[in-house]
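I have placed the structure first, in the form of structure tokens, so that the comments after it can refer back to it.
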Amino acid sequence: MLAQARRRDRDGFTEDVLVFKYLDKNQHIVGASLQGLVPQPDRYEGKSYLKQIMYQSEGIAGLNVSIGSPERLIVAEAPIDLMSYYELHKDELKQCETHCHGRTQNEGVISRYAMETLQERGVLRDSQRDYTKASDLIKTSQFLEKAAQTSTLFHDHKYDNLITLAVDNDKAGTDFLEALQEKNIPVIDARPPKGNGQDKMDWNEYLQTSKAAEKQMAEENSHKEFQAPFLVQKY
């Protein structure tokens, strides 16, 4: 699912990139996204790094990594955020969860993988849907909304933990979460906590902040241990 490549732009500019492959349930590649490895602030204003979904990637596909037999989804906005979330929570995650990433705030992507997960669990009768057909892609992208409106799937709260939304903690992420909740689609809010005065927080930034705090604490403890023998000797 992960590869490194050399990308050449139309103007001849080349750079090293990570390739995150989108695979369908038959393990066929249906798309990919690229992440630059070296900051290029002059080329990518605001982001500094290349972030690109490859041309002709399937519209409701994303990076999908399964742990064991999937029973629920953890959805992040970008592959790096997904990796960061896993790094922070890997000790809590059991062998029955699926992590997926799709295009930012794309309900169709979540619908696709939610439907696949429920199919694997034997919950849905429609287990033969062919995602390569445009008509089925449209139906799949609307699965969650239709299920909430026209079926009893979510009525008994049995699947309240089906979708964990680990999107960015900003206005766009909040609006997306609330939009799903307004459609009566159950989601668990797993946005990263923001600090005082912060307008946005994503899981990669939160990971970096946590690691920096851990490093500082370790250095302070090491300094105290180094000083302790001299204090004892003095007395």
* Only residues that are modelled with pLDDT of 90 or more and over 18 Å from residue 53 (Cα atoms): list them for segment 73-111, please. => 73, 74, 84, 85, 86, 87, 88, 89, 111
* To do: Go through the residues of segment 94-101 one by one and say whether even a single one is open to solvent by 60 Å² or more (accessible area, probe 1.4 Å), in contact with a strand residue (DSSP E or B) (Cβ under 7 Å, 6 or more places away or on another chain) and polar (S, T, N, Q).
  => yes
* Do you know which of the residues in segment 33-69 that are β-branched (Val, Ile, Thr) and within 18 Å of the chain's Cα centre (by Cα) is modelled with the lowest pLDDT? -> 67
* To do: Working only within segment 1-29, note down all residues that are assigned to a strand (DSSP E or B) and free of Cβ contacts under 8 Å to residues at least 40 places away in the same chain.
  => 2, 3, 4, 5, 6, 8, 14, 15, 16, 17, 19, 29
* **Residues that are open to solvent by less than 20 Å² (accessible area, probe 1.4 Å) and part of a loop (DSSP other than H, G, I, E, B), drawn from segment 61-76** => 61, 62, 63
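The values are calculated or read from the model by the stated rules, or taken from the named source; none is laboratory data. Given the structure is predicted, the values throughout are model-derived calculations rather than measurements. In this analysis, Cβ positions are derived from the backbone assuming ideal geometry, glycine residues included, and neighbour counts consider all displayed protein chains. Remember, those area values only see protein heavy atoms, side chains included, never the ligands or the DNA or RNA. Shrake-Rupley method; radii C 1.70, N 1.55, O 1.52, S 1.80 Å.
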